[in-house]
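Input: a single structure, listed below in structure tokens.
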Amino acid sequence: MAKQCVNALNLNTLYFMPCALPAHKMAPGISTEHRVAMLNAAIAPYPFFQLDLRELHRTGPSYSLLSLQELRAQHPNTPIVFLIGMDSFNNLDKWYQWQAITQLCHIVVYQRPGQQCAVSGHLQHYMQQAQVNNAKTLSHTVAGKLYFLPGEMLDAASSNIRQQLKNTNKKNELLPDAVSLYIERHALYQNDDNTN
Ligand SMILES: Nc1ncnc2c1ncn2[C@@H]1O[C@H](COP(=O)(O)OP(=O)(O)OP(=O)(O)O)[C@@H](O)[C@H]1O
Ligand SMILES: O=C(O)c1ccc[n+]([C@@H]2O[C@H](COP(=O)([O-])O)[C@@H](O)[C@H]2O)c1
């Protein structure tokens, strides 16, 4: 998904932004240190992937609005693309000040198995007026557009992978080898406390 986004949109850099306190689900059951180390291991082979750790350095819920406001202040004239999956898009109207978010960045949505686009009301209205069909359009303005990025679907969910690691203790073929090695070395995801 991330590689496809870099290629299709011709991005210089795509930042992975781990959140500290998710707005709508339980906090991660694993330490920040381990999460950052696994992300670093996953992106190491790819120079166009970087980490953005701003949410880990902030207290309170990790509202995307706050991160996007900070990014916009740092880069007033640069198009900002926020990549999410279809399940996130279908729930976007439940996010904190979601309409302000759509003014700060372009939203790029990747399809996900079992997730059809299902929106109504204000979110449907946003979709109708903001959607563009050509990725190049995203570089013409700094924010406000919506693009459904085509690409291969991957039937993967992080909670399933964690559960599988706990149940079988075997490495999961969806994980990069370096991440599997890290998980094994640190005996992560072995009990219910850290499968979130
Ligand atoms: N297989 C996938 N296909 C498309 N989008 C995905 C996929 N996995 C994750 N995403 C998207 O990546 C973002 C972060 O996902 P997240 O870290 O919550 O993983 P998740 O697999 O959705 O977690 P969980 O299994 O706990 O629901 C979300 O916007 C989600 O929609
Ligand atoms: O800002 C919000 O209200 C908000 C609500 C739900 C999700 N998000 C962000 O969306 C991304 C994926 O979230 P999740 O819960 O599907 O892992 C992650 O960056 C979250 O911080 C943000």
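For Gln163, the criteria (1) under 23 Å from Gly85 (Cβ atoms); (2) without any contact (Cβ under 8 Å) to a residue 24 or more places away in the chain; (3) of a type in the set (S, T, N, Q) hold in every case but one, which is (2).
Among the residues making up the range 165-177, those that are assigned to a helix (DSSP H, G or I) and surrounded by fewer than 16 Cβ atoms within 10 Å (Cβ to Cβ) are Lys166, Asn167, Thr168, Asp177. Going by the structure shown, is Asp93 more than 14 Å from the chain's Cα centre (by Cα) and either modelled with pLDDT of 95 or more or more than 16 Å from ligand 2 (Cβ to nearest atom) (or both)? Criteria met by Asp93. Filtered by the rule that a residue be out of contact with any helix residue (DSSP H, G or I) (no Cβ under 6 Å at 6 or more places or on another chain) and either hydrophobic (A, V, I, L, M, F, W, C) or more than 23 Å from Asn10 (Cα to Cα) (or both), the range 127-148 gives Met127, Gln128, Gln129, Ala130, Val132, Leu138, Val142, Phe148. Determine whether the range 41-57 contains at least one residue that is more than 21 Å from Asn12 (Cα to Cα), modelled with pLDDT of 95 or more and surrounded by 15 or more Cβ atoms within 10 Å (Cβ to Cβ). The answer is yes, given that some residue of the range 41-57 is more than 21 Å from Asn12 (Cα to Cα), modelled with pLDDT of 95 or more and surrounded by 15 or more Cβ atoms within 10 Å (Cβ to Cβ). Of all the residues in the range 105-118, those that are surrounded by fewer than 17 Cβ atoms within 10 Å (Cβ to Cβ) and touching a helix residue (DSSP H, G or I) at 6+ places or on another chain (Cβ under 7 Å) number 3.
Scanning the range 77-90 for residues that are more than 9 Å from ligand 2 (Cβ to nearest atom) and closer than 23 Å to Tyr126 by Cβ yields Thr78, Pro79, Ile80, Val81, Leu83, Met86, Phe89, Asn90.
Checked against (1) over 20 Å from Phe148 (Cβ atoms); (2) surrounded by 15 or more Cβ atoms within 10 Å (Cβ to Cβ), Phe89 meets all criteria but (1).
Residues in the range 18-62 that are assigned to a loop (DSSP other than H, G, I, E, B), of a type in the set (Gly, Ala, Ser) and either in contact (Cβ under 8 Å) with a residue 12 or more places away in the chain or within 16 Å of ligand 1 (Cβ to nearest atom) (or both): Ala20, Ala23, Ala27, Gly29, Ala44, Gly60, Ser62.
Scanning the range 27-40 for residues that are under 16 Å from the mean Cα position of the chain (by Cα) and exposed (fewer than 14 other Cβ atoms within 10 Å of the Cβ) yields a single hit, Ala27. Take Leu181 and decide whether it is over 25 Å from Asp52 (Cα atoms) and surrounded by 12 or more Cβ atoms within 10 Å (Cβ to Cβ). Against the criterion (over 25 Å from Asp52 (Cα atoms) and surrounded by 12 or more Cβ atoms within 10 Å (Cβ to Cβ)), Leu181 does not qualify. So, in the range 160-174, of the ones that are of a type outside the set (A, V, I, L, M) and more than 17 Å from Arg185 (Cβ to Cβ), which residue ends up farthest from ligand 2 (Cβ to nearest atom)? Step by step, filter the range 160-174, then rank; the result is Thr168.
The values are calculated or read from the model by the stated rules, or taken from the named source; none is laboratory data. All values derive from a computational prediction rather than experimental measurement. In this analysis, Cβ positions are derived from the backbone assuming ideal geometry, glycine residues included, and neighbour counts consider all displayed protein chains.
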